[in-house]
Amino acid sequence: MEQIPWQERYKHKLYLQQDALKCIKKGQRVFIGSACAEPQLLVEELTNLGSQLSDTEIIHTLTLCSAPYVEPGFIDNFRYSTFYVGPNVRQAVSEGRADYIPTFLSDVPAIFRSGRIPIDVALIQVSPPDKQGFCSYGISVDIVKSAAESAGIVIAEVNFRMPRTLGDSFIHVDDIDILVASDRPLIEVNPVIPDEEIAFQIAEKTAELIEDGDTLQMGIGRIPYAIFPFLRDKKDLGIHTEVFGDGTIKLIESGIITCKKKTLHPGKVVASFCMGSRYLYDFVDNNPFFEFHPSDYTSDPFIISQNDRMVAINAAIEVDLTGQVCADSAGHLFYGGIGVHCDFIRGAARSRGGKSIIVLPSTTGDGSKSRIVPHLSEGAGVVTTRGDVHYVITEYGIANLRGRNIRHRAMDLIRIAHPKFREELLAAAKEYSYIYPDQVLPPRTAQYPKNLEIYKTFKDNLVIFFRPVKPSDERTLQEFFYSLSDGSIYRRYFTSKKTLLHKEAQWLVNLDYREQMAIVGIKKDEKGNEKIITVGRYLLDRTTNMAEVDFTVGDQYQNKKVGGFLLEYLIQIAKEQGISGFTAEALATNPAMLKVFYKSGCVIKSILDGGSYSISFRF
Ligand SMILES: CC(C)(COP(=O)(O)OP(=O)(O)OC[C@H]1O[C@@H](n2cnc3c(N)ncnc32)[C@H](O)[C@@H]1OP(=O)(O)O)[C@@H](O)C(=O)NCCC(=O)NCCS
């Protein structure tokens, strides 16, 4: 028997908009295509039919259109359930007129296929068919493909404006039951250029953790978008992400995203949907640089982890002092969704050299509430557990919580909280016995002087990273002390000091960076772990405007000109602070220290008093 060409079958399936949805029966479950690929004509028609329907359950994720079906007037006709609570349905969910399904987006296709959420009718939007009769799901493959494959009836809006994206992104005309032609412009989400200083500060810190050749996932939101301008100096970045927007295109056009170093799908951007401008939609059209896959592939942690050096960047609503991350609700108010947050955090954790980063401003928009909190707000849900969390970044700094105990986490998170909330966070952490009862903080005015971070190479290719000490250095500073020989300890402290206990060590790391300064020299191993190998500090005497200085260089690094450099550097910093000069005590039997002072180029006054010299010099 001769096969009828698909073109003929296609024609027979074409309906007018007003007739296309008549097959929907009362009480059925209807899926609507996601995000910017929402089939707008079909949704309009569904709403037109509203009064004739009852108890129609709508399954969706991320509504960007007006969502009339959640209006109170449709209470008996529609019940809306969503995997992501977008802005247009937030009020309905908060008033109990619509439902939120907290599920990993990567799990949704399996939920559809298993019949756990049976779909009677799928309303989707696709590109026109190609020569073989395949339509592309275009800008949203995500959960749409699995919904269409599981649905009893598939109704598709065929729109020539929908780009033909490549990858696992096609449906054959034979698998569509009803077609409606559309020329409606696709929904566009114009790139939000964040004007907030805070978003840029967070973005700049985040970009510090991104290295050439890394593969990135960035969630949607203002802060991830703000990162793009800070990636201009990077090379050969790759993308494996659930969603991307116009920012990604700019970096592709400027040759920064090449995907060349990717270990999975090299040379390809892998995603499951995109949202942005018409320019973006034209860019992905028939473009083999992009591969679109369903969410159960793109966001499967096992797949993600096959990208070496995977960096996952996601926003959060609150983080508690133990590192629990709330990302889908503000208290009881559902806001957003579980999405791919945890999937990418787990995938990045398992990736060789991977990093996962949570970004959030330190306070709510009006500054009235800290987003680093002693405990999550009542009703807030944990999306990323304290076992999964890795980096947390606010405009005040970067906290690396991976493998750290609760005390360390609490202190690190308090350090990156807004200064006006640090005291109360400290008090709460003490109340919960997370930290030492006598724990101190740096003065509120202290601002970590990042501009003082420098790398310097010494003899025998010894590379040292010098930076101001941080409160989180307490343990590493203790380790440095305990690594010193008895001789070095004696020369530094003039006594056989045996311990550097917390009650003393904490005062050495919680500084104001003005009158008290300490620069630590750090050696990083090949895995990026930091070890302090030298420290130089000064303490200002306000009455004389002279600062007392001291140094220690780890035994195996002495006589490599490290001490000489540290003195030079501390002189430079002190001069900039308006300090007049340094004083020091050095044992007469410490020629190395004396030599360092004499080689500084300053005019040294030294007075021998017993077995030690009192040294002073002005800059
Ligand atoms: C003192 C100390 C900070 C110097 O740091 P360093 O990195 O070794 O110093 P540098 O390498 O820059 O300079 C040391 C100079 O002393 C010289 N020196 C070392 N031992 C010496 C000795 N026994 N006699 C004479 N000169 C000596 C070195 O040759 C070098 O001079 P050069 O630059 O002309 O070669 C370091 O040895 C140290 O930490 N010692 C233990 C703690 C301590 O003494 N702190 C000072 C308390 S005030």
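The values are calculated or read from the model by the stated rules, or taken from the named source; none is laboratory data. Note that the coordinates shown come from a computational prediction; the quantities given were computed from them, not determined experimentally. With ideal geometry, Cβ positions are generated from the backbone for all residues, glycine too; neighbour counts draw on all protein chains shown.
What pairs come out if I take residues in segment 29-58 that are closer than 9 Å to Asn77 by Cβ and pair them with residues that are crowded, with 24+ Cβ neighbours inside 10 Å and of a type in the set (Val, Ile, Thr) whose C-beta lies under 6 Å away, six or more apart or interchain?
Qualifying pairs under 6 Å: Thr56/Val30.
Residues checked against (1) of a type outside the set (Phe, Trp, Tyr); (2) out of contact with any Pro (no Cβ under 6 Å at 6 or more places or on another chain); (3) modelled with pLDDT of 95 or more; (4) not assigned by TED's automatic domain parsing to the domain that holds Ile111:
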position: Asp285; (1), (2), (3), (4): yes, no, yes, yes
position: Ala330; (1), (2), (3), (4): yes, yes, no, yes
position: Gly347; (1), (2), (3), (4): yes, no, yes, yes
position: Arg350; (1), (2), (3), (4): yes, yes, yes, yes
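Here's the yes/no breakdown for (1) among the aromatic types (Phe, Trp, Tyr); (2) closer than 24 Å to Asp328 by Cα; (3) not in a loop (DSSP other than H, G, I, E, B):
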| site | (1), (2), (3) |
| --- | --- |
| Ile58 | no, yes, yes |
| Asp76 | no, no, no |
| Tyr80 | yes, yes, yes |
| Pro87 | no, yes, no |
| Val93 | no, yes, yes |
| Asp99 | no, yes, yes |
| Thr103 | no, yes, no |
| Ile119 | no, no, no |
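Residue pairs, Cβ under 9 Å, 6 or more apart or interchain, first in segment 550-567 and free of Cβ contacts under 8 Å to residues at least 24 places away in the same chain, second surrounded by fewer than 19 Cβ atoms within 10 Å (Cβ to Cβ) and acidic (Asp, Glu). List them.
none
Among the residues of segment 490-525, write down those that are surrounded by fewer than 16 Cβ atoms within 10 Å (Cβ to Cβ) and under 15 Å from Pro468 (Cα atoms).
Residues satisfying the conditions are Trp507, Asp512, Arg514, Glu515.
So Ser114 fits all but one of (1) touching a residue at least 12 places away in the same chain (Cβ under 8 Å); (2) over 24 Å from Glu188 (Cα atoms); what number is the exception?
All conditions are met except number (1).
How many residues are part of a strand (DSSP E or B), more than 10 Å from the ligand (Cβ to nearest atom), free of Cβ contacts under 8 Å to residues at least 60 places away in the same chain and not acidic (Asp, Glu) when one looks only at segment 538-549?
The total comes to 4.
Starting from segment 160-185, keep only residues that are in contact (Cβ under 8 Å) with a residue 12 or more places away in the chain and under 17 Å from Tyr10 (Cβ atoms), then list their pairs with residues that are surrounded by 21 or more Cβ atoms within 10 Å (Cβ to Cβ) and among the basic types (Lys, Arg) whose Cβ atoms are within a distance under 6 Å, requiring at least 6 positions of separation or different chains.
none
Could you list, ordered by first residue, the pairs with Cβ atoms under 7 Å in which the first is in segment 503-529 and in contact (Cβ under 8 Å) with a residue 12 or more places away in the chain and the second is part of a loop (DSSP other than H, G, I, E, B) and basic (Lys, Arg), at least 6 apart or interchain?
Cβ pairs passing all conditions: Val509/Lys470.
For the list (1) at pLDDT 95 or above; (2) hydrophobic (A, V, I, L, M, F, W, C); (3) not in a strand (DSSP E or B), I need the number of the one condition that Cys65 fails.
(1)
Pick out, from segment 290-395, the strands (runs of 3 or more DSSP E) lying fully within it that include 2 or more residues that are closer than 23 Å to Ala203 by Cα and of a type in the set (Ser, Thr, Tyr).
Correct list: 391-394.
Among the residues of segment 557-569, write down those that are more than 9 Å from the ligand (Cβ to nearest atom) and in contact with a strand residue (DSSP E or B) (Cβ under 8 Å, 6 or more places away or on another chain).
Tyr569
Could you please find all residues in segment 374-408 being over 17 Å from the mean Cα position of the chain (by Cα) and more than 22 Å from Ser329 (Cβ to Cβ)?
Across segment 374-408, the qualifying residues are Gly403, Arg404, Asn405, Ile406, Arg407, His408.
Looking at (1) under 17 Å from Lys456 (Cβ atoms); (2) free of Cβ contacts under 8 Å to residues at least 40 places away in the same chain; (3) within 11 Å of the ligand (Cβ to nearest atom); (4) in a helix (DSSP H, G or I), can you tell me which one Phe597 breaks?
(1)
Say whether the condition of being over 18 Å from Ile454 (Cβ atoms), charged (D, E, K, R), more than 9 Å from the ligand (Cβ to nearest atom) and in the same structural domain as Lys497 (by TED's automatic domain parsing) is met by at least one residue in segment 570-581. I'd like the intermediate steps shown before the answer.
From segment 570-581, those over 18 Å from Ile454 (Cβ atoms) are 578-581; that's our starting set.
Add one more test, that the residue is charged (D, E, K, R), and what stays is none.
For segment 570-581, residues over 18 Å from Ile454 (Cβ atoms), charged (D, E, K, R), more than 9 Å from the ligand (Cβ to nearest atom) and in the same structural domain as Lys497 (by TED's automatic domain parsing): absent.
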